[in-house]
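Each remark here refers to the structure printed beneath this line.
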Amino acid sequence: MLKIKDLHTHIEQFHILQGVNLEVPDNSVTVVLGRNGAGKTTTIRSVMGFYPNMSGEILFQGKSIAKLPPYTVAKQGIGYVPEDQDIFAGLTVEENMRVAMRREDDTTLERQEWLLDLFPDLREAWKRKGGHLSGGQKQMLSIARALVNETPLLLVDEPSKGLAPIMVEKVMEAMNVIRETTTILLVEQNFIMASQLGDYFYMIDEGRTVFQGEMQLLKDDEVLRKKYLGIA
Amino acid sequence: MELHLTLIFNGLATGMLIFLLAAGLSLIFGLMSVLNFAHGALFMFGAYMGTWVYILIGGWNSPWGNLNFFVGMIAAALIGVVLGYLVERFTVRQVYGNHLRQILITTGVMLVVAELVKVFWGPNLIRVVQPEFLQGHFLVGDVRLTYYRVFIILFSTMILILLLFMLKKSKIGVVVRAGVENSQMVQALGINIRKVFTLVFIFGTMLACIGGYMWGPFQGQVNPGMGLDLMLIAFIVVAIGGLGSVAGSAIAAVLVGLSEAYMAYYFPPGSLAVNMLIMAAVLLIKPTGLLGAGR
Ligand SMILES: Nc1ncnc2c1ncn2[C@@H]1O[C@H](COP(=O)(O)OP(=O)(O)OP(=O)(O)O)[C@@H](O)[C@H]1O
Ligand SMILES: [Mg+2]
């Protein structure tokens with residue numbers, strides 16, 4: 001589905017990514033792990049096309065999307081859930097969804113219904129402004145918004161960050177449903193969530209891919225987890 | 001009492017005209033953070049172009065005077081569309097994200113447009129009169145209401161309602177509001193924000209040109225300096241109202257219009273100073289302006 005080869009990204013004068021390699025197989029959940037500041041967010045944002053000065057290759061369904069502007073990347077069918085959700089605070093939940101809709105046809109509205117069944121909280125908050133939502137509701141809206149169009153690939157940046165455990169639980173349940181129809185690249189520091197959802201993992205450290213494999217490998221290897229994540 | 005009613009009425013008319021100038025400026029600033037110093041010059045060019053057409057086809061004295069006035073207005077709107085497109089496409093688009101360059105390049109556009117006006121129409125003012133059906137006044141109690149001012153208030157209010165309705169209900173309106181908050185996220189949802197911005201720029205310039213055209217008969221003349229004078233006031237209005245907020249611009253424009261009317265009566269030289277004071281006071285209490293979202 002997605003292939004990243006030798007990705008280098010500079011932000012201002014800093015050489016942030018120094019060779020990220022990563023592959024997301026079709027119908028999988030692939031998790032990116034790594035300490036704070038390792039370059040996980042930068043990797044996802046590079047895929048989205050936010051850094052036109054990047055170098056390396058990014059293939060989506062076999063076609064190069066490297067250096068395409070973000071709106072073109074999104075239009076190819078890549079949904080993006082940013083680290084801080086980026087809900088439009090002055091817009092209602094309904095309007096947030098509407099901004100994302102490429103077409104307002106039956107198929108899209110059906111998808112929206114499906115998403116609202118998945119996140120009943122959003123249906124309840126339908127007319128409420130984005131700025132007045134709870135952290136969990138914002139996260140749900142950000143995910144729903146990214147999925148309202150036909151979306152073969154979803155990029156999600158730390159969906160559990162700052163959420164109450166009950167909300168983490170809800171988001172995780174929803175992701176379990178979403179994965180049935182959508183390939184997911186997930187950045188997640190919460191190891192419970194990462195290990196429950198993930199089929200494969202990539203470990204990024206100091207802007208490089210340093211380790212990869214099936215998630216089971218990481219579950220079994222306490223030493224590795226300690227070394228790169230500082231958790232047992 | 002009637003003095004105050006008259007001043008309020010006059011202030012309302014001035015304010016709503018200023019609103020036409022400020023609305024586009026506010027959206028352009030709010031959506032793409034572009035400092036458009038050429039806005040006033042575009043307002044002036046619209047005024048000249050519309051007035052020129054108005055006069056060319058017979059002006060206010062012809063039997064078609066009333067119709068001529070609206071033909072002039074349409075000409076002003078059309079030149080606004082063309083100018084808006086050209087200025088965005090060939091100058092502003094090159095300098096997104098760089099305020100210093102924006103100031104330099106839009107100031108350049110301002111100077112060029114101002115010189116063009118002098119080349120085409122000379123440095124002197126051109127006299128222009130309302131069409132017949134808007135001449136004169138009527139009395140409500142003892143308050144004199146001139147038809148032209150009533151027309152300005154009604155017309156601009158209609159534009160305001162239309163604009164608010166579009167922002168609230170249409171897809172492009174929702175996208176513009178989202179873009180004012182976070183244009184990067186709008187792009188990440190598959191929308192080419194540049195296209196949206198070009199549209200907003202064209203639309204804002206069109207409103208300014210219509211406003212400039214209507215300003216002519218209001219003052220009885222158009223002149224090459226009119227853009228500059230009003231530009232500063234428009235920026236004040238944008239700051240008071242909040243970047244990117246159309247409703248905020250409307251409230252602020254009326255506020256400034258009222259202060260203009262009162263100062264013109266009591267102490268004309270202090271007019272700008274009072275507007276500055278209003279701005280300072282509002283920004284002190286609410287730095288994002290009356291209805292600005294802030295970032
Ligand atoms: N705009 C920026 N300017 C300068 N440095 C930046 C910028 N954005 C990110 N960085 C740096 O790039 C590195 C990678 O950041 P990134 O956000 O990708 O890390 P991350 O793995 O997502 O971390 P976290 O777990 O904290 O979200 C960090 O060292 C960060 O300080
Ligand atoms: Mg991050």
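Buried on complex formation within the range A:59-87 (loss of at least 20 square angstrom of accessible surface versus the isolated chain, 1.4 Å probe, ligands and nucleic acids ignored): A:PRO70, A:TYR71, A:ALA74, A:TYR80, A:ASP86. Accessible surface computed residue by residue for the range A:1-64, with neighbouring protein chains in place and a 1.4 Å probe, gives 43 Å² per residue.
Please list, by residue number, everything in the range B:2-37 whose backbone N is under 17 Å from a paramagnetic label point 7 Å out along Cα→Cβ of B:TYR265. Once the point is set 7 Å along Cα→Cβ of B:TYR265, B:2-16 turn out to lie under 17 Å by backbone N, inside the range B:2-37. In the context of the full protein assembly, B:PHE235 retains an accessible surface of approximately 40 Å², using a probe radius of 1.4 Å and ignoring ligands and nucleic acids.
Peptides B:97-104, A:83-90 ranked from most to least packed give A:83-90, B:97-104, packing being the mean of other C-beta atoms within 10 angstrom over each peptide's residues.
By the helix-only formula, in which each DSSP H run with n ≥ 4 contributes -39500 (n - 2.57) and the sum is divided by residues, the protein assembly as shown has a 222 nm mean residue ellipticity of -19000 deg cm²/dmol. Between chain A and chain B, the total buried accessible area stands at approximately 1800 Å², from heavy atoms with a 1.4 Å probe.
A 1.4 Å probe run over the range B:2-226, with the rest of the protein chains in place, finds 42 Å² accessible per residue. Here the protein assembly as shown carries DSSP beta bridges of which approximately 60% are antiparallel, counting only pairs with both residues inside. Modelled spin labels at A:ASP117 and A:GLN18, positioned 7 Å past Cα toward Cβ, are 5.0 nm from each other.
Within a straight-line Cα-Cα reach of under 19 Å, A:LYS67 can be paired with the following aspartates and glutamates, leaving aside sequence neighbours fewer than 8 residues apart in one chain: A:ASP6, A:GLU12, A:GLU23, A:GLU57.
For the range B:2-226, the Cβ-based charge dipole about the Cα centre amounts to some 640 debye (Lys, Arg positive; Asp, Glu negative; other atoms uncharged).
A:ARG35 versus A:ASP106, label points 7 Å from Cα toward the beta carbon: distance in nm? It works out to 5.6 nm between the two label points. Tell me, which residues of the range B:161-191 get at least 30 Å² less accessible area when the other protein chains come in, versus the chain alone (1.4 Å probe)? SASA drop of 30 Å² or more in the range B:161-191: B:LYS171, B:VAL174, B:ARG177, B:ALA178, B:GLU181, B:ASN182, B:GLN184, B:MET185, B:GLN187, B:ALA188, B:LEU189, B:GLY190. Burial annotation for the range A:88-130: residues with an accessible-area loss of at least 30 Å² between the isolated chain and the complete set of protein chains, computed on heavy atoms with a 1.4 Å probe, are A:PHE88, A:LEU91, A:GLU95, A:ARG98, A:VAL99. Partner lysines whose Cα lies under 24 Å from the Cα of A:LYS138, excluding those fewer than 8 positions away in the same chain, are identified as A:LYS40, A:LYS75, A:LYS127, A:LYS129, A:LYS161, A:LYS170, B:LYS168, B:LYS169, B:LYS171.
Within the accessible area of chain A, what % is carbon and sulfur when the probe is 1.4 Å and the other protein chains stay in place?
So the carbon and sulfur contribution to the accessible surface is 48 percent.
If you take the Cα centroid of the range A:176-232 and the Cα centroid of the range B:1-49, the two points sit 56 Å apart. The HN-Hα couplings worked out from phi for the range B:77-90 by the Karplus form 6.51 cos²θ - 1.76 cosθ + 1.60 (θ = phi - 60°) are 5, 5, 5, x, 4, 5, 4, x, 4, 4, 5, 5, 5, 9 Hz, whole numbers, x standing for Gly and Pro.
You can think of it this way: the chain between B:PHE120 and B:LEU104 has 3.3 nm of extra reach, that is 0.36 nm per residue less the Cα-Cα gap. The string of couplings for the range B:152-157 from the Karplus curve (6.51, -1.76, 1.60, θ = phi - 60°) is 4, 5, 5, 4, 5, 5 Hz, one whole number per residue in order, with x for Gly and Pro.
Each part gets one Cα centre, and for the range B:230-295 versus the range B:107-184 those centres are 17 Å apart.
Between A:ILE166 and B:LEU5, the simple spin-label model (points 7 angstrom out along Cα→Cβ) gives 6.0 nm. Ignoring ligands, DNA and RNA, what percent of the accessible area of the range B:2-226 is carbon or sulfur (1.4 Å)? Carbon-and-sulfur percentage of accessible area, whole number: 69.
The values are calculated or read from the model by the stated rules, or taken from the named source; none is laboratory data. Everything numeric in this text was worked out from a predicted model, so none of it was measured. As a convention, Cβ positions derive from the backbone with ideal geometry for all residues, glycine included, and neighbour counts pool all protein chains shown. These area figures cover heavy atoms from the full protein model, side chains too; ligands, DNA and RNA do not enter into them. Shrake-Rupley method; radii C 1.70, N 1.55, O 1.52, S 1.80 Å.
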